[in-house]
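Visitor: Mind looking over this structure? Questions follow.
The values are calculated or read from the model by the stated rules, or taken from the named source; none is laboratory data. Treat the numbers as computed from the prediction; the structure is a model and nothing was measured. Quick reminder, even Gly has a Cβ in these numbers, built from the backbone with ideal geometry, and neighbours come from all protein chains shown.
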2 protein chains.
Amino acid sequence: MASSPRSGPPTRRWRSPTIGAGWRERERGWRRMSVARVLVFAGGDPNPPEALAGLPPGTLVVAADSGAAHALAAGRRVDVLVGDLDSLDEATLAEVVAAGAEVRRHPAAKDATDLALALDVALELGAEAVTMVGGHGGRLDHLLANVALLAADAYAGVEVDARLGPARLSVVRGRRSLVGRPGELLSLLPVGGPAGGVTTEGLLFPLRDATLRPGTTWGVSNQFTDEPAAVQVAEGVLVAVAPGERGSL
Amino acid sequence: MASSPRSGPPTRRWRSPTIGAGWRERERGWRRMSVARVLVFAGGDPNPPEALAGLPPGTLVVAADSGAAHALAAGRRVDVLVGDLDSLDEATLAEVVAAGAEVRRHPAAKDATDLALALDVALELGAEAVTMVGGHGGRLDHLLANVALLAADAYAGVEVDARLGPARLSVVRGRRSLVGRPGELLSLLPVGGPAGGVTTEGLLFPLRDATLRPGTTWGVSNQFTDEPAAVQVAEGVLVAVAPGERGSL
């Protein structure tokens with residue numbers, strides 16, 4: 001990831017020519033498949049194996065730069081590789097290309113992070129749901145930017161989930177059904193402003209038409225009592241974070 | 001940290017009786033000292049030693065629960081220990097008490113996190129500036145809640161900085177001067193809503209009256225060119241994050 005010289009909001013993103021044969025044909029094929037869920041493998045540290053359990057099979061995979069290596073390590077084929085490719089080793093790149101991935105290489109000096117580019121590809125492919133895998137570890141600024149990005153309005157039309165290290169994260173707009181074992185921790189955190197009309201089902205500390213404001217820690221350390229639980233938000237956006245069993249990011 | 005049963009916003013925080021002799025006298029003494037900066041040691045993983053370099057000496061120290069152990073490991077005396085003390089070992093508690101710390105034990109079922117309680121103690125002590133040390137590692141939900149908490153309106157009157165693992169974080173309201181080596185990365189991320197009128201000095205990619213919206217990654221990976229740099233915000237709140245040399249949280 002890198003940034004470009006800038007003195008005002010970016011107006012247009014540089015688009016690379018696509019590399020690889022048959023892109024248009026395959027894209028049309030994907031669109032015909034009515035892509036339900038796209039897995040986006042981000043960079044950062046690899047997820048622990050147990051955090052990859054339950055990922056939907058047969059899903060279209062978009063890799064952000066070194067996320068391609070994580071996808072391969074998880075036994076997934078990469079369909080689209082996007083980013084400036086400044087953190088991907090040559091061997092992985094060659095393997096991904098040989099397996100037929102579409103490669104969209106962007107210049108290092110750009111206004112979007114590799115993850116943002118990958119999420120935009122998922123949108124272009126008509127994704128109705130996105131699960132990001134990775135995106136944790138490494139730099140604190142990347143982690144914070146990634147979480148804010150997942151909750152951004154640009155992806156309001158998509159159901160967004162993530163596996164960050166041992167944690168599972170779900171972006172909640174409207175109503176989401178959430179899966180967790182009884183007793184498992186779940187924290188509800190507002191993103192980008194207050195979240196109003198928050199109502200929960202199946203959590204130990206029920207909320208009824210509550211308002212969660214940025215910086216309040218009041219939604220931290222709730223617990224699943226039923227599976228699935230449900231969280232509803234009338235205004236604003238929440239991230240629901242199940243931190244997972246392991247004690248460390 | 002734990003949560004209480006709740007069906008609406010908390011109205012009042014439970015206050016424990018203080019434990020330890022001479023609290024009132026010492027508190028008056030501190031107030032006379034016109035406390036400029038309070039160090040708040042949070043729980044989570046300990047910071048790497050290099051991240052503790054340059055912490056101001058002779059500063060009043062408030063520890064949130066197991067943050068007390070981090071304070072002792074960093075060679076600091078704890079002045080106030082606050083929290084439910086569910087993650088602090090008995091030996092550390094005994095050492096802190098023996099050294100004269102004021103202990104404010106709260107029930108485990110509470111609406112505030114230990115860090116929130118610690119920051120409130122700093123406010124009570126009349127802090128003009130707070131540096132949080134720790135608060136990273138462990139649970140993703142804690143980390144996200146901690147960052148949002150540092151940027152909360154409740155602490156708008158205090159200059160807030162943090163050392164989270166290898167990263168340095170500064171909350172920017174109005175104008176802040178920031179120290180970093182030329183070439184060092186610095187990301188500017190809006191918190192709790194858009195940040196408007198963002199203007200920078202001494203950064204590679206200058207911003208002039210820019211608006212940074214939640215979820216945009218446009219402020220990521222700027223760089224120091226001069227020391228000190230400065231960041232100014234007309235509306236809203238930013239966190240400025242220097243991720244540090246090490247690649248891992």
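Visitor: Considering only the stretch A:216-227, I want to know if a residue exists there that is touching a residue at least 40 places away in the same chain (Cβ under 8 Å), touching an Asp or Glu at 6+ places or on another chain (Cβ under 6 Å) and more than 21 Å from residue B:215 (Cβ to Cβ).
Guide: Among the residues of the stretch A:216-227, at least one is touching a residue at least 40 places away in the same chain (Cβ under 8 Å), touching an Asp or Glu at 6+ places or on another chain (Cβ under 6 Å) and more than 21 Å from residue B:215 (Cβ to Cβ), which makes the answer yes.
Visitor: Identify the residue in the stretch A:154-180 that is in a loop (DSSP other than H, G, I, E, B) and hydrophobic (A, V, I, L, M, F, W, C) and, among all such residues, is surrounded by the most Cβ atoms within 10 Å (Cβ to Cβ). Explain how you work it out, then say what you get.
Guide: If we filter the stretch A:154-180 for residues that are in a loop (DSSP other than H, G, I, E, B), which is where we start, we get A:156-158, A:165-166, A:179-180.
Next cut, hydrophobic (A, V, I, L, M, F, W, C) only: A:156, A:158, A:179.
Numbers: A:156: 12, A:158: 20, A:179: 13.
So, considering only residues that are in a loop (DSSP other than H, G, I, E, B) and hydrophobic (A, V, I, L, M, F, W, C), the one surrounded by the most Cβ atoms within 10 Å (Cβ to Cβ) is A:158.
Visitor: When residue A:151 is evaluated against the numbered criteria (1) touching a helix residue (DSSP H, G or I) at 6+ places or on another chain (Cβ under 6 Å); (2) crowded, with 22+ Cβ neighbours inside 10 Å, which criterion, by number, is the only one it fails?
Guide: Condition (1) is where residue A:151 drops out.
Visitor: Does any residue of the stretch A:193-201 turn out to be under 30 Å from residue B:185 (Cα atoms), within 22 Å of the chain's Cα centre (by Cα) and surrounded by 20 or more Cβ atoms within 10 Å (Cβ to Cβ)?
Guide: no
Visitor: A further question follows. Report, by residue number, each residue of the stretch B:93-149 that is under 23 Å from residue A:206 (Cα atoms) and among the acidic types (Asp, Glu).
Guide: Selection gives B:111, B:114, B:141.
Visitor: What residue, among those in the stretch A:32-51 that are of a type in the set (A, V, I, L, M, F, W, C) and at pLDDT 80 or above, is nearest to residue A:86 (Cα to Cα)? Explain how you work it out, then say what you get.
Guide: The initial filter retains those residues of the stretch A:32-51 that are of a type in the set (A, V, I, L, M, F, W, C), namely A:33, A:35-36, A:38-42, A:51.
Next, only the ones that are at pLDDT 80 or above stay: A:36, A:38-42.
Working: A:36: 30, A:38: 23, A:39: 21, A:40: 18, A:41: 16, A:42: 13 Å.
Among residues in the stretch A:32-51 that are of a type in the set (A, V, I, L, M, F, W, C) and at pLDDT 80 or above, the one nearest to residue A:86 (Cα to Cα) is A:42.
Visitor: Looking at the stretch A:209-234, which of the residues that are at pLDDT 95 or above and farther than 21 Å from residue B:139 by Cβ is surrounded by the most Cβ atoms within 10 Å (Cβ to Cβ)?
Guide: A:233
Visitor: Follow-up. In this structure, is residue A:135 on the phi > 0 side of the Ramachandran plot and in a loop (DSSP other than H, G, I, E, B)?
Guide: yes
Visitor: Could I ask something else about it? Is there a residue in the stretch B:197-208 that is modelled with pLDDT of 95 or more, within 8 Å of chain A (Cβ to nearest Cβ) and not in a loop (DSSP other than H, G, I, E, B)?
Guide: Looking for residues that are modelled with pLDDT of 95 or more, within 8 Å of chain A (Cβ to nearest Cβ) and not in a loop (DSSP other than H, G, I, E, B), one finds none in the stretch B:197-208, hence no.
Quick grid of which residues meet (1) in a loop (DSSP other than H, G, I, E, B); (2) farther than 22 Å from residue A:239 by Cβ; (3) assigned by TED's automatic domain parsing to the domain that holds residue B:224:
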{"residue": "B:91", "(1), (2), (3)": "no, yes, no"}
{"residue": "B:96", "(1), (2), (3)": "no, yes, no"}
{"residue": "B:100", "(1), (2), (3)": "yes, yes, no"}
{"residue": "B:117", "(1), (2), (3)": "no, yes, no"}
{"residue": "B:122", "(1), (2), (3)": "no, yes, no"}
{"residue": "B:131", "(1), (2), (3)": "no, yes, no"}
{"residue": "B:142", "(1), (2), (3)": "no, no, no"}
{"residue": "B:182", "(1), (2), (3)": "yes, yes, yes"}
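Visitor: Only one of these conditions is not met by residue B:135: (1) of a type in the set (Gly, Ala, Ser); (2) within 26 Å of residue A:142 (Cβ to Cβ); (3) at the interface with another protein chain (Cβ under 8 Å from one of its Cβ atoms). Which number is it?
Guide: Going through (1) of a type in the set (Gly, Ala, Ser); (2) within 26 Å of residue A:142 (Cβ to Cβ); (3) at the interface with another protein chain (Cβ under 8 Å from one of its Cβ atoms) one by one, residue B:135 breaks only (3).
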